[in-house]
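Take a look at the structure set out below.
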Amino acid sequence: MSDLEKLTNLVLAPYIMQATALIGVRRKIGGNQFRHAFATLGILLDYKQFSDHILLKASVIHDLIEDLPLTDIQALKNIEHEAWKVVDLVMEVTRKSGEEKADYLKRILFTGSRNAQLLKAADRISNLTDLHLGFFSDQKMGKYLDETENYIIPMAKNVNPDMVIELLDLIEIRRKLITKNLVS
């Protein structure tokens with residue numbers, strides 16, 4: 001089956017409808033979580049993840065449960081025949097209440113499925129693309145970059161070496177911005 005045929009058979013509409021709830025969820029850097037979900041989907045498509053429909057569907061709603069905890073998970077599981085698998089993947093990448101960030105990232109790195117690691121790497125690429133000076137302190141940016149090096153890079157090494165290259169490039173550019181900001 002060609003890549004076009006694989007994408008032709010992708011049913012995203014029910015997930016897009018669920019993701020519209022994220023339109024009202026603002027991101028600190030501007031915009032909203034709905035656009036971030038589509039950026040994450042776009043990154044996965046850019047890395048030619050055409051055939052894994054569970055992964056692509058999950059990317060559209062990957063932050064829904066975390067950002068809107070009152071989301072009806074059972075209703076999500078009933079939206080189409082693969083939805084329960086999609087929700088399972090979303091739950092795998094959802095930070096649990098009270099879970100420390102480092103523990104959350106370690107959980108995905110050491111026990112996460114291939115899809116969870118792919119989704120988290122794509123999510124972090126989107127987040128790093130949006131990580132700009134002026135919105136975050138140099139210290140917070142540095143910590144975020146350290147997290148990426150310690151947890152996300154190893155995930156990407158497990159699942160897609162090309163993602164490692166992009167992540168390292170994004171880290172290098174942002175570290176240069178921090179250094180330049182400190183010198184100025």
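The values are calculated or read from the model by the stated rules, or taken from the named source; none is laboratory data. This one's a predicted model, so the numbers in the text were calculated from it and none came from an experiment. Methodologically, a virtual Cβ is constructed for each residue, glycine included, from the backbone with ideal geometry; neighbour enumeration extends over all protein chains shown.
Could you list, ordered by first residue, the pairs with Cβ atoms under 6 Å in which the first is in the range 144-164 and closer than 12 Å to LYS120 by Cα and among the aliphatic types (A, V, I, L, M) and the second is at pLDDT 95 or above and surrounded by fewer than 16 Cβ atoms within 10 Å (Cβ to Cβ), at least 6 apart or interchain? Once the first residue is closer than 12 Å to LYS120 by Cα and among the aliphatic types (A, V, I, L, M) and sits in the range 144-164, its partners that are at pLDDT 95 or above and surrounded by fewer than 16 Cβ atoms within 10 Å (Cβ to Cβ) give VAL159/ARG114.
Pull up the range 14-39, narrow it to residues that are under 17 Å from ALA83 (Cβ atoms) and of a type in the set (A, V, I, L, M, F, W, C), then point me to the one that is surrounded by the most Cβ atoms within 10 Å (Cβ to Cβ). Working first, answer last.
Taking the range 14-39 first, the residues under 17 Å from ALA83 (Cβ atoms) are 14-21, 37.
Pick out the ones that are also of a type in the set (A, V, I, L, M, F, W, C) and you get 16-17, 19, 21, 37.
On the way: ILE16: 15, MET17: 12, ALA19: 23, ALA21: 16, ALA37: 27.
That would be ALA37.
Any idea which residue in the range 120-140 is nearest to LYS176 (Cα to Cα), counting only those that are touching a Leu at 6+ places or on another chain (Cβ under 6 Å) and part of a helix (DSSP H, G or I)? Per the criteria, the residue is LEU128. Looking across the range 73-131, the residues that are charged (D, E, K, R) and under 14 Å from the mean Cα position of the chain (by Cα) come down to GLU92, ARG95, ARG114, LYS120, ASP123, ARG124, ASP130. Of the helices (runs of 4 or more DSSP H) lying entirely inside the range 1-110, those containing at least 1 residues that are free of Cβ contacts under 8 Å to residues at least 24 places away in the same chain and in contact with a Phe, Trp or Tyr (Cβ under 9 Å, 6 or more places away or on another chain) are 3-8, 73-77. Name the residue that is surrounded by the fewest Cβ atoms within 10 Å (Cβ to Cβ), counting only residues in the range 172-184 that are touching a residue at least 12 places away in the same chain (Cβ under 8 Å) and closer than 22 Å to GLY31 by Cβ. For the range 172-184, the residue satisfying everything is LEU177. Would you mention how many residues in the range 136-184 are modelled with pLDDT of 95 or more, over 15 Å from the mean Cα position of the chain (by Cα) and acidic (Asp, Glu)? Matching residues across the range 136-184 total 5.
For the subset of the range 62-72 comprising residues that are under 15 Å from GLY24 (Cβ atoms) and aliphatic (A, V, I, L, M), which member is farthest from the chain's Cα centre (by Cα)? That would be LEU70. Tallying residues that are surrounded by fewer than 14 Cβ atoms within 10 Å (Cβ to Cβ) and among the polar types (S, T, N, Q) within the range 40-92 yields 2.
Scanning the range 53-112 for residues that are more than 17 Å from PRO14 (Cα to Cα) and charged (D, E, K, R) gives GLU66, ASP67, GLU92, ARG95, LYS96, GLU99, GLU100, LYS101, ASP103, LYS106, ARG107.
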